[in-house]
Amino acid sequence: MTMDLFDGASTLESQEQLAPGAVLLRGFAAADERELLSALAEVITQAPFRHMRTPGGLPMSVGMSNCGALGWISDRAGYRYGPVDPLSSQPWPPLPEVFLQLATHAAERAGFSRFVPDACLINRYEPGSRLSLHQDKNERDFGQPIVSVSLGLPVVFLFGGLSRSVPARRIGLMHGDVVVWGGPARLSYHGVLPLKEGFHPLVGSQRPNLTFRKAG
Ligand code: MD3
Ligand code: FE
């Protein structure tokens with residue numbers, strides 16, 4: 001456990017291996033919270049949150065957007081990555097430098113020294129929003145990790161195994177927590193329980209989550 005004192009604010013950081021390849025960096029993003037949130041707000045003015053539809057046609061409860069060269073898209077045609085925001089017919093906004101720095105530093109800390117994400121999926125949970133158990137399989141190279149950054153309200157994250165039938169562990173993820181999912185954990189089933197009501201002083205009644213990927 002390390003403690004950093006700066007600007008009158010203090011942050012507690014710790015590092016924990018959840019499973020082979022899965023590293024939880026508690027508080028890793030806390031020092032950058034304001035820069036991250038203002039960069040996020042700028043991205044969202046260009047590519048607003050929207051409720052994408054599953055291939056079955058139902059709107060997802062999580063609002064989503066993207067930044068980076070590629071963005072994750074779900075619609076009646078299926079799940080995929082693409083360079084253009086279907087709402088604006090424009091390229092997704094570029095990855096803000098503070099996003100890129102955070103993702104590469106977190107990956108490095110977890111032992112992935114050459115992670116260069118080209119996609120950031122931005123999920124926005126509101127009270128009641130959930131994400132059912134799934135695998136992330138739309139990326140080209142499963143040798144590359146995914147880095148996730150939790151902001152705002154806390155949530156219970158479900159971390160399962162390589163088959164749907166493995167019972168999932170429940171892990172609390174809070175504002176500033178970063179998880180690197182690589183190696184044997186890369187294809188684990190995972191999900192998020194419904195977000196509870198609450199209020200975060202900087203973020204309000206929501207949970208933005210950033211997931212950085214090397215998609216192409
Ligand atoms: C474990 N997002 O966007 S982040 C997703 O909190 C997604 O918004 C969740 O699952 C969220 O696909 C979870 C943690 C996460 C992300 C990707 C993973 C865990 C993962 C990929 C493989 C294994
Ligand atoms: Fe996922």
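State which residue is farthest from ligand 1 (Cβ to nearest atom) when the search covers only segment 109-135 and only residues that are among the hydroxyl-bearing types (Ser, Thr, Tyr) and either more than 14 Å from the chain's Cα centre (by Cα) or assigned to a loop (DSSP other than H, G, I, E, B) (or both).
SER113
Which ones in segment 146-192 are near ligand 1 (Cβ under 9 Å from one of its atoms), under 18 Å from ASP118 (Cα atoms) and within 12 Å of the chain's Cα centre (by Cα)?
Residues satisfying the conditions are ILE146, VAL147, SER148, VAL149, VAL179, TRP181.
Would you confirm whether or not segment 82-90 contains a residue that is surrounded by 16 or more Cβ atoms within 10 Å (Cβ to Cβ) and either β-branched (Val, Ile, Thr) or within 15 Å of ligand 1 (Cβ to nearest atom) (or both)?
No; the residues of segment 82-90 include none that is surrounded by 16 or more Cβ atoms within 10 Å (Cβ to Cβ) and either β-branched (Val, Ile, Thr) or within 15 Å of ligand 1 (Cβ to nearest atom) (or both).
What number of residues in segment 136-190 are assigned to a strand (DSSP E or B) and either modelled with pLDDT under 95 or surrounded by fewer than 17 Cβ atoms within 10 Å (Cβ to Cβ) (or both)?
Of all residues in segment 136-190, those assigned to a strand (DSSP E or B) come to 146-150, 155-159, 169-173, 178-181, 190.
Next cut, either modelled with pLDDT under 95 or surrounded by fewer than 17 Cβ atoms within 10 Å (Cβ to Cβ) (or both) only: 156, 169-170, 172.
Counting residues in segment 136-190 that are assigned to a strand (DSSP E or B) and either modelled with pLDDT under 95 or surrounded by fewer than 17 Cβ atoms within 10 Å (Cβ to Cβ) (or both) gives 4.
How do the pairs read when you match residues in segment 83-95 that are modelled with pLDDT under 95 with residues anywhere that are loosely packed, with under 13 Cβ neighbours inside 10 Å and β-branched (Val, Ile, Thr), using Cβ under 6 Å and keeping only pairs 6 or more apart or on different chains?
Nothing qualifies.
Every residue in segment 207-216 that is within 12 Å of ligand 1 (Cβ to nearest atom) and in a loop (DSSP other than H, G, I, E, B), please.
Step one: filter segment 207-216 for residues within 12 Å of ligand 1 (Cβ to nearest atom), giving 207-213, 215.
Within segment 207-216, just ALA215 meets the criteria.
The values are calculated or read from the model by the stated rules, or taken from the named source; none is laboratory data. Note that the structure is predicted; figures quoted are calculated from it, not measured. We place every Cβ from the backbone using ideal geometry, glycine too, and count neighbours over all the protein chains shown.
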